[in-house]
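Below is one structure, written out as structure tokens, with a few remarks after it.
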Amino acid sequence: MELDDLLESLNAGQTITGDSPLHKVMHQVSQDALRITGELNGGYQEPARVRELLAQLIGKPVDESVTVFPPFYSDFGKNITLGERIFINSGCKFQDQGGVVIGDDCLIGHNTVMATLNHDLMPSRRADMHPAPIVIGRNVWIGANVTVLPGVTIGDNAVVAAASVVTKDVPENTVVVGSPARVVRSLAN
């Protein structure tokens with residue numbers, strides 16, 4: 001089993017059983033992510049170096065318009081896709097095995113958590129993981145201390161208020177607030 005096999009299974013939404021070869025690959029990839037984020041977060045890095053380390057983490061180029069303020073954490077890294085002109089503030093944590101896609105012109109606030117895995121509810125299968133992607137549309141603003149749960153899509157131009165817990169899809173051009181996050185207003189284009 002290789003990373004490509006794991007990504008294919010994760011992106012197909014297949015359960016990764018706790019005792020499987022794919023689970024072992026996931027843990028091997030995680031060690032690389034921990035090494036890279038350790039270097040990223042170990043001291044001051046010039047913006048270009050932050051992007052270089054981020055590109056190593058995600059395994060693909062990062063546009064020069066992307067800004068990340070460390071510390072930044074990811075326990076996998078290889079299933080993150082970033083658009084252009086994105087700002088990710090300090091303290092963000094991406095559990096990206098299920099996939100995290102961030103569109104152009106997004107602002108991600110301090111300490112945002114994006115979680116794309118659920119463990120099985122059955123105690124005998126608790127080590128099994130169920131992936132589901134998080135997709136952030138274009139021009140989205142996510143406030144500080146937000147948690148986005150597996151399988152959520154946040155539509156273009158939406159705003160997620162600080163400290164919200166996003167458990168279901170957010171329509172485009174809306175503001176959501178609370179835990180669970182709910183629409184409180186629409187935004188005019």
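The values are calculated or read from the model by the stated rules, or taken from the named source; none is laboratory data. Source: prediction; values computed, not measured. Cβ placement follows ideal geometry from the backbone for every residue including glycine, while neighbour counts extend to all protein chains displayed. For the accessible areas, the whole protein counts, side chains as well, though only heavy atoms, and no ligand, DNA or RNA atoms are used. Shrake-Rupley method; radii C 1.70, N 1.55, O 1.52, S 1.80 Å.
Annotation: of all residues in the stretch 154-169 being among the aliphatic types (A, V, I, L, M) and under 16 Å from the mean Cα position of the chain (by Cα), the one that is surrounded by the fewest Cβ atoms within 10 Å (Cβ to Cβ) is Val165.
Kindly provide the set of residues from the stretch 1-28 that are aliphatic (A, V, I, L, M), part of a helix (DSSP H, G or I) and over 18 Å from His130 (Cβ atoms), ordered by number. If the condition is that a residue be aliphatic (A, V, I, L, M), part of a helix (DSSP H, G or I) and over 18 Å from His130 (Cβ atoms), then Leu3 is the only one that fits. Just checking, does the stretch 72-80 include any residue being surrounded by fewer than 19 Cβ atoms within 10 Å (Cβ to Cβ), of a type in the set (Lys, Arg) and within 22 Å of Val29 (Cβ to Cβ)? No, the conditions are met nowhere in the stretch 72-80.
Note on the stretch 81-104: residues that are hydrophobic (A, V, I, L, M, F, W, C) and either open to solvent by 10 Å² or more (accessible area, probe 1.4 Å) or in contact (Cβ under 8 Å) with a residue 40 or more places away in the chain (or both) amount to 3.
Can you pull out the residues in the stretch 129-144 that are surrounded by fewer than 19 Cβ atoms within 10 Å (Cβ to Cβ) and either in a helix (DSSP H, G or I) or touching a His at 6+ places or on another chain (Cβ under 7 Å) (or both)? Ala144 - this is the single residue of the stretch 129-144 that is surrounded by fewer than 19 Cβ atoms within 10 Å (Cβ to Cβ) and either in a helix (DSSP H, G or I) or touching a His at 6+ places or on another chain (Cβ under 7 Å) (or both). Quick check on the stretch 74-87. Is at least one of its residues in contact with a Ser or Thr (Cβ under 7 Å, 6 or more places away or on another chain) and basic (Lys, Arg)? Within the stretch 74-87, one or more residues are in contact with a Ser or Thr (Cβ under 7 Å, 6 or more places away or on another chain) and basic (Lys, Arg). Of all residues in the stretch 1-33, those satisfying the criterion of being farther than 13 Å from Gly77 by Cβ, open to solvent by less than 60 Å² (accessible area, probe 1.4 Å) and among the hydroxyl-bearing types (Ser, Thr, Tyr) are Ser9, Thr17, Ser20.
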